[in-house]
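The values are calculated or read from the model by the stated rules, or taken from the named source; none is laboratory data. Owing to the predicted nature of the structure, the values given are computational and were not obtained by experimental measurement. FYI the Cβ positions are ideal-geometry reconstructions off the backbone, even for glycines, and counts take in every protein chain you see.
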Amino acid sequence: MLKSCTIKGRCLGFLLLIYLFCGMMAGNPWKAIAGGPSSENSVNCDMQQGPCTKHLGDMIVTLDILPKPVMAMKDLTFTLTVSGKNLSSEPLMDLGMPGMNMGPNRVELKRVKEDVFEGQGVIVRCPSGKRTWKATVTFPQTGKVEFVFDVIY
Amino acid sequence: MSSTEPLYLLFLVTGFTVGFGHCIGMCGPIVVSLSLNSKESHLVFRHLLYNAGRVITYGILGGLAGTLGSFTILASSILSLQKGVLIFAGILILLMGLAMGGWLPFGNFFGSGGSSSVFSKWFQRFSAAKSSVCFLLLGLLLGLLPCGPVYTVLIASARAGMSAESALQAFLSGMGLMVAFGVGTLPALLLMGKLAGLGWLKSRQVIYRISSVLMVLVGVYFIIQGIRY
């Protein structure tokens, strides 16, 4: 086996091992290599203090999460208020961690008033200790807004 | 076709993609540890057993989430257990790293990596072919490791249970989603186990030592995270 391996192959294998271990430490090997903060990871809401508002074209989108404080591993109510445009269908809300694939975690929003949508969801806890989460709200045929905020573990 | 069926494929694919990212972070150190301490001829079988144990635990958790119809009730019930498993995994990786490097300092009990120590003999026994069932048991236990994507699938399992018509259907729906996810993670972890277990890699003393140091660091990291969890 040893003889059949080329020097190049051995180096490649060794680098792969280091790469995997780096990934273990970071929780994500791709991120371990890429690294560095990005604007995507930046917190742009203080959800613990109250609702957060974003603009999308002519639309004003406000997200609130209750109860406060917003904690991971608890049943949460997500309330989305949209003004500036009449929506014919419910927007879609997906929860995730910036820069980390946590699997599909969609909050099913239902219209409770003309411009208010509500849904139940859970923000899960990441064993890495990272507390920044992202709620991506997608308006079909219009675009999407991202609310990036910290939760309490 | 029930409303849950398309989700099986979704979470199978999720498991596959998450496997090459997140799972390498949580299960990777254990998989590498097992590979570096196993004979190459037993490697694939043992990794299959380990992963089978993990998927069985996932299935049971999914079934429970489906039956309860609540992720948060299940999560709060197993929190202490998960914390313990995270610390246990850290200790296991740490000991394996120390044993591999020959740095276990506790005299006659652990020895210094030599074959005469109690720990080394236990380790050799653990690595023997007849104890392969240990890998299944290890997988069953470590399937409880806290993991974000696992939680996400458990949320879906609970939702699938809520929309089920009977308790049995709720259990099966939840279990099915978690098993699909677990099966999806197999390629990444099997590939990683195989790569880490390559004979020529293990035969390289320097690489082996570096791997030992990295395993010790990962083990300590796991223990700290477990205590803080």
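Scanning region A:114-129 turns up at least one residue that is under 17 Å from the mean Cα position of the chain (by Cα), of a type in the set (D, E, K, R) and buried (at least 18 other Cβ atoms within 10 Å of the Cβ). For region A:88-106, a residue qualifies if it is within 18 Å of A:Pro51 (Cβ to Cβ) and either among the hydrophobic types (A, V, I, L, M, F, W, C) or within 14 Å of another protein chain (Cβ to nearest Cβ) (or both), and the qualifying residues are A:Met93, A:Leu95.
Taking B:Phe181, is it modelled with pLDDT of 85 or more, among the aromatic types (Phe, Trp, Tyr) and surrounded by 24 or more Cβ atoms within 10 Å (Cβ to Cβ)?
Values: modelled with pLDDT of 85 or more: yes; among the aromatic types (Phe, Trp, Tyr): yes; surrounded by 24 or more Cβ atoms within 10 Å (Cβ to Cβ): yes.
For B:Phe181, the condition - modelled with pLDDT of 85 or more, among the aromatic types (Phe, Trp, Tyr) and surrounded by 24 or more Cβ atoms within 10 Å (Cβ to Cβ) - is met.
For region A:58-95, filtered to residues that are in a strand (DSSP E or B) and in contact with a helix residue (DSSP H, G or I) (Cβ under 9 Å, 6 or more places away or on another chain), the residue that is surrounded by the most Cβ atoms within 10 Å (Cβ to Cβ) is A:Leu95. Of all residues in region A:66-100, those satisfying the criterion of being of a type in the set (D, E, K, R) and within 15 Å of A:Val124 (Cβ to Cβ) are A:Lys74, A:Asp75, A:Asp94. Within region A:118-153, restricting attention to residues that are touching a helix residue (DSSP H, G or I) at 6+ places or on another chain (Cβ under 8 Å) and among the β-branched types (Val, Ile, Thr), the residue that is nearest to A:Leu66 (Cα to Cα) is A:Val122. Considering only residues in region B:184-229 that are out of contact with any helix residue (DSSP H, G or I) (no Cβ under 6 Å at 6 or more places or on another chain), at pLDDT 85 or above and closer than 21 Å to B:Arg46 by Cα, the one that is farthest from the other protein chains (Cβ to nearest Cβ) turns out to be B:Pro187.
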